[in-house]
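For reference, the structure is listed below as structure tokens.
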Amino acid sequence: METDPAPLGGLRDRRRRETSLEICAAALDLFEEKGVSGTTVDEIAARAGVSPRTFFRLAGTKEQAVFVDDARFVEALAGVGEEGDDIAALTAALRAVFQRELGQLDADADARERYLRVRRLLAHEPALLGAAIRREITSSDRFIPEIAERIGASELDVRTAAGLAGVEMRITLDEWARRNELGQQHSLVDLHREVQARVAGAVAPSGTRRGPRVTSRG
């Protein structure tokens with residue numbers, strides 16, 4: 001019985017993903033060995049077994065090469081929100097999308113390890129931290145006008161919702177990495193809910209904060 005060959009586009013995308021992961025692994029190894037400033041693009045490309053041209057096509061810069069897993073959060077923003085959503089509804093939709101992606105990250109041991117390695121480097125590599133901040137800003141800004149037009153809201157409304165949901169996700173990942181360094185294993189999804197509860201408590205009007213206090217074990 002013959003089987004239909006896999007679509008060319010699917011094979012191409014999968015190979016592109018595999019090559020990007022190889023570049024990421026090479027960059028992480030070299031950054032940990034030599035630091036970001038002491039590492040060249042040619043060295044990363046050689047260790048990954050690709051040409052410098054392929055490196056620039058897939059990674060762009062040596063700093064961006066290690067953020068291969070961030071694409072899952074950026075791509076998840078496409079299509080979020082429905083016509084008539086206000087800030088609260090859009091924020092809830094963004095939180096749901098990020099929570100889904102955090103759950104998928106939680107289930108991927110290799111991706112979790114890459115995230116932890118990147119976050120260790122961010123703590124003492126200013127160039128890498130700057131690249132991470134620029135990537136986050138430019139990536140989310142790509143979708144602001146599109147979402148605003150789709151739901152019929154102002155770009156300020158969308159930016160506010162995306163900013164809040166994005167901060168919660170970033171705090172979740174940073175706290176998860178911090179606790180991991182202390183030997184504490186936590187579910188990203190559960191930690192994301194904990195962060196949301198703390199944010200809700202922080203912005204609630206004075207005198208209306210109720211419910212059990214969320215205590216940290218870290």
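Computed values, structure above
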quantity: Positive minus negative residues near V97 (Lys, Arg vs Asp, Glu; Cβ under 11 Å); calculated: +1
quantity: Size of electric dipole in segment 88-162: Cβ of Lys, Arg +1 and of Asp, Glu -1, about Cα centre, debye, nearest 20; calculated: 220 debye
quantity: Environment charge at E181 (Cβ cut-off 12 Å; Lys +1, Arg +1, Asp -1, Glu -1); calculated: +3
quantity: Accessible area (Å², per residue) of the chain, counting only protein heavy atoms and a probe of 1.4 Å; calculated: 58 Å²
quantity: Only Lys, Arg (+1) and Asp, Glu (-1) charged, at Cβ; segment 71-218 dipole about Cα centre in debye; calculated: 780 debye
quantity: Net charge of neighbours whose Cβ lies under 9 Å from the Cβ of A26, counting Lys and Arg as +1 and Asp and Glu as -1; calculated: -2
quantity: Carbon/sulfur fraction of accessible area - the chain, other protein chains in place, 1.4 Å, %; calculated: 53 percent
quantity: Net lengthening on full extension, A107/A200 (0.36 nm per residue, minus Cα-Cα); calculated: 30.8 nm
quantity: Rounded tilt (10° steps) of 188-203 against the dominant C-alpha axis of the chain; calculated: 40 degrees
quantity: Sequence of R17, R53 from largest to smallest accessible area, 1.4 Å probe; calculated: R53, R17
quantity: Nearest-ten-degree value, helix 109-122 long axis tilted from longest Cα axis of the chain; calculated: 80 degrees
quantity: Nearest 10 degrees, 0 to 90: helix 8-34 Cα axis against the chain principal axis; calculated: 90 degrees
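The values are calculated or read from the model by the stated rules, or taken from the named source; none is laboratory data. Bear in mind that the values here come from a model prediction, so they are computed numbers and not experimental data. Glycine gets a Cβ as well: all are built from the backbone with ideal geometry, and neighbour counts include every protein chain shown. Side chains included, ligands, DNA and RNA excluded: accessible areas come from the protein's heavy atoms. Shrake-Rupley method; radii C 1.70, N 1.55, O 1.52, S 1.80 Å.
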